[in-house]
């Protein structure tokens, strides 16, 4: 039996043509004659376009200096891009006409947003794992010293309070007892609503006695907190963080942007502009259009004929007209129909227009998700004794929304890019500021640089959104794994 | 019956909306700033610079207005308005004055409920060609291809002009001025046409500006000027005479530099302009020294012109039609007396 091997011979390595770089090339770029020819065509296109572009954008570009002379002969290289133009205008492009000394307020609000939303995305929304809990604690607490160094003690302590609140509130929530069970759903809901309205007015009154300005914002924060406390009792800190992000954060951000209290100078919305305005439009548009869209989708599938008719009417009306005409209506026609002297803020008009417009699109995306849920799921929820909203919250919407993330992302990206249409009502968003920069007679003729920059800026925003949505999709794909 | 009621209701709303409120000056004074509608995208007329400070001819006119009212040329809030919403903005009182290189036409003056205060800049459509073509008059442009923007009156003006002179042309039409400039620069059309002030601004952006000339013919009348809402004569007078004060100051040789010395001048016209004699400013709700404030803080018409569009700026516009009437131009203002 000596011909039977007792020791296993070592496996031969795969042939060099199948492994490593060569293998990868053979498999991916040269696997067939068609693939090979496409590879060469692709290479040729790259060789043809890339070197001139890189030469213009990087190697021959003009980076130094602060006037147009730096980009034209004899000082500069007219064959290269003039990034000096973007550099000199950078403040304007980012913040618009927002006063220079107050621009830190915008930075602060966005830093707070990153510190509070970032870990949520990192940890995966509402994931119960402990490791994630730690990320939720650590990342925001890292932001506080940064804010302290950049913006001083006052803003830092506000940031600390806001970032630590979710953890504290979730602990507090678990300790506080239940409301008396005998009151039932409606009794409880009305008690919560009444309490939060009371808290709102208490906040307004307190702010008025202290004479700080921004009464409405303070009242809203108080009202939200009182509303959330019983509603979210026993929720995880991640849930609290999300809830605060959607309710309290906008109040804080608004207070910092507009000012007019707590020693912050009032900055009217006419001065908002640039990338800041684009982000405000996109952010508010996205967060407002999503819930309205979900409600519209539910309304369209409702059994109540009036609600259904209203929702269908709204959706079809809005989808039947282009956004540009909606914006045009609110900017040109609406003021004519209002009584003399009433002026609705231009930015508010644009925000309402964009949000309602995209809510209609969102509604149809969400409706697609609702229709994809098998009838059995609805029936199962009913069989368990769930009422309408409870079955939606626990059974239907989590599944339906997960299914339509790609569709929602599409709509969100569309919204982010369509914010540039506010140019028709002359809001100075990023593109508007760029266009006005192009008309500066000291800087005429840098169209290419301007549009390349705008393209890059929008690409960063949109790529960010699309990567975030992919992350979210992966995280939430519990059932389909 | 019901329909009639509805129509009446809607009409009533519109009538209310277009009705005027008296005492614009008081409103403005109470508010503390003049709200001015500007373009924000026309080189030399109204553009924010890299610090966000507004610059331009239209802008400086609004500053002069603020100087006259508040003695502070910076008390102006500039609101960029589009070509389409500019009249609505004025009619609804969103802006107090429209200073947005707007052409004074019959239709706008009569139908749109505007009052034009005067002419700040005489513009007109012209042609730019490459020197290579050897053309020195628009009459030689028969058969040329012309880069034009869509949806503007420029297209109609060109075809009218060519038809009147029995010539043919090939339109090359584009959506934006940027686009058509690039195309003209690449040589795909022989001629570029737009208002002469625009031609000057566009010429700077070409790869070899010195190779291109602007032909002498001006084929349309585009008198640009500030406008106010109809129905408040006091306010319209203030805007109108702010413009006239700028022009008179140049005519009398009063500049922002010598205005203080000019206070001692013996010339009665200068005395009346600067408020040394008479109470002209008080007659429309301002102070005696209203014109002094204007010249001191903003300068006279010539200074404003030179600062924003003149030969030392990138636009390099000559005074041309916009020279004073005493120097062969069209700029003329009634006297203050």
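The values are calculated or read from the model by the stated rules, or taken from the named source; none is laboratory data. Given the structure is predicted, the values throughout are model-derived calculations rather than measurements. Cβ: placed from backbone, ideal geometry, glycine included. Neighbour counts: every protein chain shown.
For segment A:415-430, give me each residue that is surrounded by fewer than 21 Cβ atoms within 10 Å (Cβ to Cβ) and more than 9 Å from every other protein chain (Cβ to nearest Cβ). So that I can check it myself, show each step before the final result.
Here is the first cut: in segment A:415-430, the residues surrounded by fewer than 21 Cβ atoms within 10 Å (Cβ to Cβ) are A:417-418, A:420, A:423-424.
A:417, A:418, A:420 - these are the residues of segment A:415-430 that are surrounded by fewer than 21 Cβ atoms within 10 Å (Cβ to Cβ) and more than 9 Å from every other protein chain (Cβ to nearest Cβ).
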**Report entry** Tally of residues being buried (at least 20 other Cβ atoms within 10 Å of the Cβ), within 25 Å of residue B:158 (Cβ to Cβ) and out of contact with any strand residue (DSSP E or B) (no Cβ under 7 Å at 6 or more places or on another chain) across segment B:89-142
**Finding:** 0
Query raised in the report: Among A:363, A:372, A:380, which is the only one that is more than 14 Å from every other protein chain (Cβ to nearest Cβ), under 28 Å from residue A:402 (Cβ atoms) and in contact (Cβ under 8 Å) with a residue 40 or more places away in the chain?
Result: A:363
Query raised in the report: So how many residues does segment A:432-447 have that are in contact with a helix residue (DSSP H, G or I) (Cβ under 6 Å, 6 or more places away or on another chain) and either within 17 Å of residue A:356 (Cα to Cα) or buried (at least 21 other Cβ atoms within 10 Å of the Cβ) (or both)?
Result: 9
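Return yes when residue A:57 is touching a helix residue (DSSP H, G or I) at 6+ places or on another chain (Cβ under 8 Å), at negative phi, in a helix (DSSP H, G or I) and at pLDDT below 85 and no when it is not. Quick ask: steps written out before the conclusion?
Working: touching a helix residue (DSSP H, G or I) at 6+ places or on another chain (Cβ under 8 Å): yes; at negative phi: yes; in a helix (DSSP H, G or I): yes; at pLDDT below 85: no.
Here the answer is no, as residue A:57 does not meet what is asked.
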Report task. Inspect segment A:332-344 for any residue being within 12 Å of chain B (Cβ to nearest Cβ) and either within 22 Å of residue A:402 (Cα to Cα) or surrounded by 21 or more Cβ atoms within 10 Å (Cβ to Cβ) (or both) and give the result as yes or no. Result -> yes
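I'd like the residue in segment B:88-107 that is in a loop (DSSP other than H, G, I, E, B) and without any contact (Cβ under 8 Å) to a residue 60 or more places away in the chain and, out of all such residues, is nearest to the other protein chains (Cβ to nearest Cβ). So that I can check it myself, show each step before the final result.
Here is the first cut: in segment B:88-107, the ones in a loop (DSSP other than H, G, I, E, B) are B:92-96, B:99-102, B:104-105.
From what is left, the residues that are without any contact (Cβ under 8 Å) to a residue 60 or more places away in the chain are B:94, B:105.
Working: B:94: 6, B:105: 20 Å.
It comes out as B:94.
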Query raised in the report: Taking segment B:49-87, which residues are surrounded by fewer than 21 Cβ atoms within 10 Å (Cβ to Cβ) and part of a helix (DSSP H, G or I)?
Result: B:70
Report summary line: Within segment A:445-477, restricting to residues that are touching a residue at least 12 places away in the same chain (Cβ under 8 Å) and in a loop (DSSP other than H, G, I, E, B), the one that is farthest from residue A:278 (Cα to Cα) is A:477
Query - Yes/no for residue B:29 being under 26 Å from residue B:334 (Cβ atoms), over 13 Å from the mean Cα position of the chain (by Cα) and either surrounded by fewer than 19 Cβ atoms within 10 Å (Cβ to Cβ) or within 14 Å of chain A (Cβ to nearest Cβ) (or both) - result: yes
Report task. Output the number of the condition that residue B:158 fails; it satisfies all remaining conditions of (1) within 21 Å of residue B:309 (Cβ to Cβ); (2) within 24 Å of the chain's Cα centre (by Cα). Result -> (1)
**Report entry** Number of the condition not met by residue A:234 [criteria: (1) assigned to a helix (DSSP H, G or I); (2) under 13 Å from residue A:169 (Cα atoms)]
**Finding:** (1)
Requested in this report: For segment A:206-216, state whether one or more residues are under 30 Å from residue B:52 (Cβ atoms), assigned to a helix (DSSP H, G or I), free of Cβ contacts under 8 Å to residues at least 40 places away in the same chain and within 18 Å of the chain's Cα centre (by Cα).
Outcome: no
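Just checking, how many residues over segment B:167-196 are assigned to a strand (DSSP E or B), more than 12 Å from residue B:144 (Cβ to Cβ) and touching a residue at least 40 places away in the same chain (Cβ under 8 Å)? Working first, answer last.
Within segment B:167-196, the subset assigned to a strand (DSSP E or B) is B:169-174, B:191-195.
Filter again for more than 12 Å from residue B:144 (Cβ to Cβ), leaving B:173-174, B:194-195.
With the extra rule that they be touching a residue at least 40 places away in the same chain (Cβ under 8 Å), the set shrinks to B:194-195.
Of the residues in that region, 2 qualify.
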Query - Check on residue A:93, away from chain B (no Cβ under 12 Å) and either at pLDDT below 85 or assigned to a helix (DSSP H, G or I) (or both) - result: no
Query raised in the report: Of all residues in segment B:287-323, how many are more than 14 Å from every other protein chain (Cβ to nearest Cβ) and within 22 Å of residue B:214 (Cα to Cα)?
Result: 6
Query - Odd one out for residue A:344, checked against (1) part of a helix (DSSP H, G or I); (2) modelled with pLDDT under 90; (3) under 26 Å from the mean Cα position of the chain (by Cα) - result: (1)
Report task. May I ask you to verify whether residue B:180 is within 27 Å of residue A:444 (Cβ to Cβ), surrounded by 19 or more Cβ atoms within 10 Å (Cβ to Cβ) and within 14 Å of chain A (Cβ to nearest Cβ)? Result -> yes
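Pull up segment B:286-319, narrow it to residues that are in a helix (DSSP H, G or I) and free of Cβ contacts under 8 Å to residues at least 60 places away in the same chain, then point me to the one that is farthest from residue A:439 (Cα to Cα).
So in segment B:286-319, the residues in a helix (DSSP H, G or I) come out as B:290-297, B:301-308.
Restricting the remaining residues to those that are free of Cβ contacts under 8 Å to residues at least 60 places away in the same chain gives B:292, B:295, B:301-303, B:306.
On the way: B:292: 32, B:295: 27, B:301: 22, B:302: 22, B:303: 21, B:306: 18 Å.
Ranking the qualifying residues of segment B:286-319, first place goes to B:292.
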Report summary line: Scanning segment A:453-468 for residues that are under 15 Å from residue A:87 (Cβ atoms) and either surrounded by fewer than 17 Cβ atoms within 10 Å (Cβ to Cβ) or facing chain B (nearest Cβ under 9 Å) (or both) gives A:456
Requested in this report: Only residues that are without any contact (Cβ under 8 Å) to a residue 12 or more places away in the chain and under 18 Å from residue A:425 (Cα atoms): list them for segment B:62-82, please.
Outcome: B:82
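Can you say whether residue A:402 is exposed (fewer than 15 other Cβ atoms within 10 Å of the Cβ), assigned to a helix (DSSP H, G or I) and either within 14 Å of chain B (Cβ to nearest Cβ) or at pLDDT below 90 (or both), as far as the supplied structure shows?
Criteria not met by residue A:402.
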